[in-house]
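The values are calculated or read from the model by the stated rules, or taken from the named source; none is laboratory data. All figures in this text were calculated on a predicted structure; none of them were measured in a lab. Cβ placement follows ideal geometry from the backbone for every residue including glycine, while neighbour counts extend to all protein chains displayed.
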Amino acid sequence: MAEPMHRFVETNGIRMHIAELGSGPLVLLCHGFPESWYSWRHQLRGLAEGGYHAVAPDMRGYGQTDRPDAIDQYTLLHLVGDMVGLVDALGEQAAVIVGHDWGAPVAWTAALLRPDRFRGVVGLSVPFLPRGPARPTSLMPQTDDAVFYQLYFQTPGVAEADYAHDVRAFIRTNLFVNSGDGPMRSRVPGSGPVGMVPRVGGLRARWSNFAVPETLPAWCSEADVDFYAGEFSRSGFGGGLNYYRNIDRNWELLAPLAGAQVPVPALYIVGQYDLVLAFDNMRKVVANLTAFVPCLRATIVLPGCGHWTQQERPAEVNAALLGFLRAVGQRDPDAESRRSCE
């Protein structure tokens with residue numbers, strides 16, 4: 001099969017770069033941080049071979065897509081708007097939306113807000129998170145010596161400087177450390193919060209604690225590292241970090257949806273050693289996911305897999321996606337019938 005085609009589309013007031021392959025029903029693939037369309041390279045081919053039109057954009061702020069300057073231009077409402085506009089730009093009425101890491105909240109929220117446009121949703125790594133009782137940053141762990149990484153990201157310019165110090169070394173370290181081949185494999189459950197950044201030394205001090213092998217795991221090549229490093233050396237990390245800087249703003253904006261349920265067929269896939277599962281109360285959220293995602297078809301836990309779900313286990317993820325897509329495709333396309341979860 002041919003390589004993905006690359007082009008630009010106009011959506012929601014920005015110019016977005018997309019990679020696409022195949023023809024048939026539309027599937028949108030939303031990446032997370034710090035990634036790009038490239039994180040879906042295996043799924044573009046697998047879905048296209050399965051009879052689908054697979055489209056992986058560089059999300060707002062990433063790669064070759066526009067990067068608005070203002071932090072408040074990166075809310076979930078903007079990101080969902082980008083995806084609705086992308087469906088329009090591709091000349092379609094509806095799509096199945098798939099998201100990994102930060103792309104997962106985009107996908108879940110898209111299905112929550114616009115079930116008429118997104119007839120199915122798949123979340124990788126991050127489950128649907130119902131709106132909590134307080135601003136999210138007020139609940140994040142911190143100690144005298146360290147803060148949760150999402151808190152560390154809040155001040156503009158600080159994390160950007162850490163990442164820019166050695167972009168390639170950061171990408172390489174991050175891919176290994178958060179994979180199923182990294183230290184999460186040997187972490188003792190209940191041993192304290194994960195993802196903590198030292199108050200002194202920041203991310204550079206955190207990275208120095210990890211030994212990255214000279215030879216990367218089989219799922220990740222030096223060429224993959226080079227691609228990501230090239231993208232972020234050109235675009236910087238500010239766009240992606242602005243997603244984190246809108247966490248509290250998202251909580252405020254989505255107040256009218258407190259308690260709302262995702263009304264379309266859904267699938268959740270996570271790695272056994274994904275650090276997200278080690279966040280406070282996350283396993284409880286996953287165990288009770290049907291309370292807010294009543295049309296959940298399955299929760300799939302991939303043995304030995306870490307955070308980079310679709311890159312570490314492409315064959316398993318592709319098989320799960322194709323099975324879900326076939327099942328969703330057999331349903332009545334009418335939006336009201338989708339809400340029945342029959």
Would you pick out the residues in region 232-271 that are closer than 27 Å to LEU325 by Cα and among the hydroxyl-bearing types (Ser, Thr, Tyr)? TYR268
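Can you name every residue in region 68-86 that is within 25 Å of GLN311 (Cα to Cα) and either surrounded by fewer than 24 Cβ atoms within 10 Å (Cβ to Cβ) or of a type in the set (D, E, K, R) (or both)?
Let us first name the residues in region 68-86 that are within 25 Å of GLN311 (Cα to Cα), namely 76, 79-80, 82-83, 86.
Within region 68-86, LEU76, ASP82, LEU86 qualify.
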For region 210-248, how many residues are without any contact (Cβ under 8 Å) to a residue 40 or more places away in the chain and either of a type in the set (A, V, I, L, M, F, W, C) or in contact with a strand residue (DSSP E or B) (Cβ under 9 Å, 6 or more places away or on another chain) (or both)? 4
Consider region 34-52. How many of its residues are surrounded by fewer than 19 Cβ atoms within 10 Å (Cβ to Cβ) and within 15 Å of ARG67 (Cβ to Cβ)? 0
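Name the residue that is surrounded by the most Cβ atoms within 10 Å (Cβ to Cβ), counting only residues in region 101-140 that are among the aromatic types (Phe, Trp, Tyr) and under 22 Å from GLY240 (Cα atoms).
Checked region 101-140; the qualifying residue surrounded by the most Cβ atoms within 10 Å (Cβ to Cβ) is TRP108.
Does region 189-215 hold any residues that are of a type in the set (A, V, I, L, M) and assigned to a helix (DSSP H, G or I), and which are they? Write out each step before concluding.
Taking region 189-215 first, the residues of a type in the set (A, V, I, L, M) are 194, 196-197, 200, 203, 205, 211-212.
Listed by number, the residues that qualify are LEU203, ALA205.
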Since TYR62 meets every condition but one in (1) more than 23 Å from ARG249 (Cα to Cα); (2) among the aromatic types (Phe, Trp, Tyr); (3) surrounded by 22 or more Cβ atoms within 10 Å (Cβ to Cβ), which condition does it not meet? (1)
Only one of VAL225, VAL158 is among the β-branched types (Val, Ile, Thr) and closer than 22 Å to LEU275 by Cα; which? VAL225
Take the conditions at pLDDT 95 or above and within 28 Å of TYR38 (Cα to Cα) and apply them to ASP248. Does it pass? no
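Any residue that is more than 27 Å from PRO141 (Cβ to Cβ) and in contact (Cβ under 8 Å) with a residue 40 or more places away in the chain - is there at least one of those in region 283-302? Full working, then the answer.
Start the filter on region 283-302 by keeping residues that are more than 27 Å from PRO141 (Cβ to Cβ), which leaves 290, 294-298, 300.
Cutting the leftovers down to in contact (Cβ under 8 Å) with a residue 40 or more places away in the chain gives us 294-295.
Among the residues of region 283-302, at least one is more than 27 Å from PRO141 (Cβ to Cβ) and in contact (Cβ under 8 Å) with a residue 40 or more places away in the chain, which makes the answer yes.
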Sort through VAL317, VAL262 and tell me the only one that's farther than 20 Å from HIS42 by Cβ and either modelled with pLDDT of 95 or more or not aromatic (Phe, Trp, Tyr) (or both). VAL262
Confirm whether GLY180 is surrounded by 20 or more Cβ atoms within 10 Å (Cβ to Cβ) and in a helix (DSSP H, G or I). no
